[in-house]
1. Which of the following values of mean projected area of the Cα convex hull in nm² was calculated from the structure shown: [x] 26.3; [y] 14.7; [z] 16.9?
2. Local charge sum around A54 (other residues, Cβ-Cβ under 11 Å, Lys/Arg +1, Asp/Glu -1)?
3. Dipole of region 169-256 (Lys/Arg Cβ +1, Asp/Glu Cβ -1, origin at the Cα centre): which of F214, A171, V202 lies farthest to the positive side?
4. Could you report region 14-103's accessible area per residue, 1.4 Å probe, as an integer in Å²?
5. Exceeding 26 Å between C-alpha atoms, which entries from my cross-link table qualify? They are K153/K207; K21/K207; K21/K120.
6. Dipole size in debye (nearest 20) for region 32-97 around its Cα centre, Lys and Arg Cβ +1, Asp and Glu Cβ -1?
7. For the peptides 173-180, 105-112, what is the packing order when you average, over each peptide's residues, the other Cβ atoms within 10 Å and list the highest mean first?
8. Determine the sum of side-chain charges near W125: Lys and Arg each +1, Asp and Glu each -1, restricted to other residues whose C-beta is under 14 angstrom from that of W125.
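The values are calculated or read from the model by the stated rules, or taken from the named source; none is laboratory data. Owing to the predicted nature of the structure, the values given are computational and were not obtained by experimental measurement. So basically every Cβ, Gly included, is an ideal-geometry build from the backbone, and we count neighbours across all protein chains shown. With ligands, DNA and RNA removed, areas are computed over all heavy atoms of the protein, side chains included. Shrake-Rupley method; radii C 1.70, N 1.55, O 1.52, S 1.80 Å.
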Amino acid sequence: MSTSTHQPISAAPSLNLAGKKVVVVGGKSGIGLGIAQAAQAAGAQVVVASRRVATIQERADLGSFEQVSLDMRDEASVRQAFAGIGAFDHLIVTAAPDIGSWGGFMDADMQGARSYMEGKYLGSWACARHAAPLLRAGGSITFLSGGLAVRPKPGFAAVTPAFAAVEALSAALAIELAPTRVNTLRPGFTDTDMWGFLPAEVRAGLKQKVAAAFPARRVGRAEDIGHAALFLMTNPYVTGTVVEVSGGETLVDSVS
């Protein structure tokens, strides 16, 4: 008589975050805000951390979140912010220096490149370092990179290695911090207020090009990235990986 070795079938993980506390660094705008909103809709208590706390008069849409002041470029600020937050379940780090702040490869000095690497890569490191001791069992850390990590473009010589370094860091920390799960989201073009610096007609043209060129045949939305973040927070068997949510951007030529 043979003995079955099959394991009992268990229910698939859900995207439910009821009873969980989620911290989103960079959660006041863009993709970070989309992730914060998705986490809250899934039942989580959400803390958004950024350099400046907005008043309810300035940002009524942030009224349901707890806000914390945190400057990723200042480790003392990072340490103080997480000490005030206390124990929680999931960390998502989406913040990055301002667009264009990295400068060019042949600039007179390397200030822009150093600043971007410090703000994106070392800032992500600092957040993970000070958050890790506070994460409850079953917790996770999720970083944010971008398609430039695998498909460089002219003018982004500082951004490409910073993104690649963040992805490598998540793999290293998946080992270093195990069983805490550590992953990276790699979004493609996502239509958020990050592109608000562009004139309206230029932004509209860019969106049309993206919709025509990307295999998904539409532009990305913040809620697309939010959905993927929920997956990484709630699936207990995913760690040390990069989840690309790009509409196929890295498969085609650049549209910008």
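1. Of the listed options [x] 26.3; [y] 14.7; [z] 16.9, [z] comes from this structure.
2. With Lys, Arg at +1 and Asp, Glu at -1, the net is +2.
3. F214
4. For region 14-103, the per-residue accessible area is 42 Å².
5. Those over the limit are K21/K207.
6. 100 debye
7. 173-180, 105-112
8. Around W125, the charge tally is -1.
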